């Protein structure tokens with residue numbers, strides 16, 4: 001069918017005729033394109049559906065560039081038509097534009113458009129299956145893509161944020177910088193920008209984040225991001241920002257979530273930990289609301305010795321925070337808390353919380369492995385009426401005793417070795433004595449002690465001017481040689 005005839009048929013008043021021309025199998029590719037471009041904004045919905053199906057049948061061309069150049073005006077016109085969005089995703093997925101180059105071309109073109117409808121096309125052509133194409137965009141355009149995704153497709157927006165965040169191989173801090181620094185963006189976008197920036201943030205950018213935290217409504221669903229941001233803060237600025245965070249005029253929940261991310265990572269500054277506890281572990285503070293932040297602060301003490309506060313831990317074990325406090329105490333191996341652990345191993349309660357505290361205290365006493373710890377365990381074993389608890393207590397005592405016996409044996413061996421080494425050193429020095437009797441006795445002593453490592457010194461003594469010394473050295477060497485040579489039938493390696 002000639003192109004001019006196909007186009008004429010596509011202009012027929014009867015929609016059935018216009019639709020039928022799309023079904024002609026004899027159309028040349030260029031005639032087919034001409035018809036598609038003519039019908040892309042047809043008034044008939046039936047014709048528009050036929051256009052979509054025809055797009056799926058557009059064959060790949062050896063000259064993809066030409067086909068792309070011919071299709072782009074059609075797609076551009078199509079995107080501008082409110083009635084032409086029917087089955088657009090199917091049309092794009094089956095067209096020659098469904099290549100990385102084509103998808104990127106559509107996105108770049110859509111970025112230059114002014115109407116949201118163009119964005120529909122860009123997002124459909126570069127959705128979850130086509131993230132790689134979007135990474136070719138520069139930071140400015142990729143940030144614009146995120147803005148539009150956030151408004152139109154939350155799932156793809158979340159996936160894209162993860163794809164450009166610090167833990168990803170495609171981290172794009174420049175995108176985060178643009179989102180966080182623009183006060184015209186929503187709180188959601190700016191917080192995502194902080195999350196994307198992470199350790200790349202500067203002092204100025206952390207200032208933007210601080211301003212943002214003060215205006216966030218605590219009812220908004222940002223808490224997951226806030227916690228992640230706290231864990232991704234720049235290393236050199238973490239402590240300073242955390243100190244500033246405690247001074248912010250921001251909702252408690254907002255500050256707590258960022259601070260928990262900070263406390264749960266690395267080695268927080270002791271003064272920040274103290275500030276957190278002063279603010280949220282006060283006698284009049286509501287425990288239920290603050291439980292998470294206090295729990296995180298208590299856990300820091302197990303990792304950062306300088307942050308340990310005996311008074312806080314003692315108060316905590318008598319409060320709703322007994323479980324995290326006992327867990328921290330058990331890991332410290334600090335004799336100051338033997339009495340607390342002893343009190344908790346005496347608890348016969350079988351509730352889950354009571355068992356947890358007793359288990360932590362038991363582990364802590366075993367780890368401490370002192371005579372005081374043994375005394376607490378034995379006293380608890382005598383006082384309990386629960387067979388299972390008594391068995392666990394006595395097993396803990398046995399573990400400590402085994403450890404202490406092993407330690408004592410090692411100390412004895414170490415001391416014996418140290419004494420022998422000192423004696424050998426003294427005998428070697430005596431080999432230089434002016435008195436030949438002293439030199440001879442020193443040589444015999446080295447043989448008796450099996451000082452094989454002193455063979456060179458004994459060999460030198462074979463040339464001593466005094467025959468008695470030379471004889472003593474020869475006897476010592478014979479003794480050492482006998483000790484080093486396996487007896488008949490023995491394995492030389494044994």
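Bear in mind these aren't lab numbers, they're just calculated from the coordinates by the rules spelled out. Fair warning: this is a prediction, and the values are worked out from it, not measured in the lab. All Cβ positions, even for glycine, are placed from backbone atoms using ideal geometry, and neighbour counts span all protein chains on display.
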Between residue 405 and residue 371, 0.36 nm times their residue separation minus their Cα-Cα distance comes to what?
11.0 nm
For the ranges 335-342, 423-430, 187-194, what's the packing order if you count other beta-carbon atoms within 10 Å of each residue, average per peptide, and put the highest first?
187-194, 335-342, 423-430
Cα centroid distance between region 169-204 and region 359-434, in Å?
55 Å
Region 315-370 -> Rg/Rh from Cα coords, Kirkwood Rh, value 0.93
Mind giving me the nanometre distance, one decimal, between the label points for residue 204 and residue 182, set 7 Å out from Cα along Cα→Cβ?
1.7 nm
What is the spin-label model distance, in nm, from residue 302 to residue 429 if the labels are put 7 Å beyond Cα along the C-beta direction?
5.1 nm
Taking region 145-264 as the region of interest, what is the percent of Cα-Cα pairs per 10 angstrom bin, listed from the shortest bin to the one with the maximum distance?
14, 51, 31, 4
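Tell me, what is the FRET efficiency for residue 8 and residue 45 to the nearest 0.05, using R0 = 25 angstrom and their Cβ-Cβ distance as r?
0.65
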At a 10 angstrom cut-off on C-beta neighbours, averaged per residue, how do the peptides 174-180, 261-267, 242-248 rank from highest to lowest?
174-180, 261-267, 242-248
With the crude spin-label approximation of a point 7 Å out along Cα→Cβ, what separation in nm comes out for residue 249 versus residue 291?
3.3 nm
Determine the gain in length on full extension of the stretch residue 152-residue 453; use 0.36 nm per residue of separation and subtract their C-alpha separation, reporting nm with one decimal.
100.3 nm
The residues 386, 344, sorted from fewest to most surrounding Cβ atoms within 10 Å, come out as 386, 344
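So how do 234-241, 9-16, 270-277 stack up, highest first, on mean other-Cβ count within 10 Å? Don't jump to the answer; show the numbers that get you there.
Working: 234-241: 15.8, 9-16: 13.4, 270-277: 20.1.
Going by the mean number of other Cβ atoms within 10 Å, highest first, we get 270-277, 234-241, 9-16.
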Counting other beta carbons within 10 Å of each residue's own, what order do 229, 389 fall into, fewest first?
389, 229
Kirkwood calc, region 397-451, C-alpha pairs only, radius in angstrom 13.2 Å
Taking 0.36 nm per residue of separation and subtracting the Cα-Cα distance, what length does fully extending residue 264 through residue 343 add?
25.5 nm
Tensor-based shape of region 260-371 (alpha-carbon gyration tensor, a/c under 1.5 rounded, otherwise prolate or oblate)
oblate
Looking at region 235-301, what % of the alpha carbon pairs are farther apart than 15 Å?
45 percent
Can you figure out the FRET efficiency of residue 310 with residue 168, using R₀ = 45 Å and their beta-carbon distance, to the nearest 0.05?
0.60
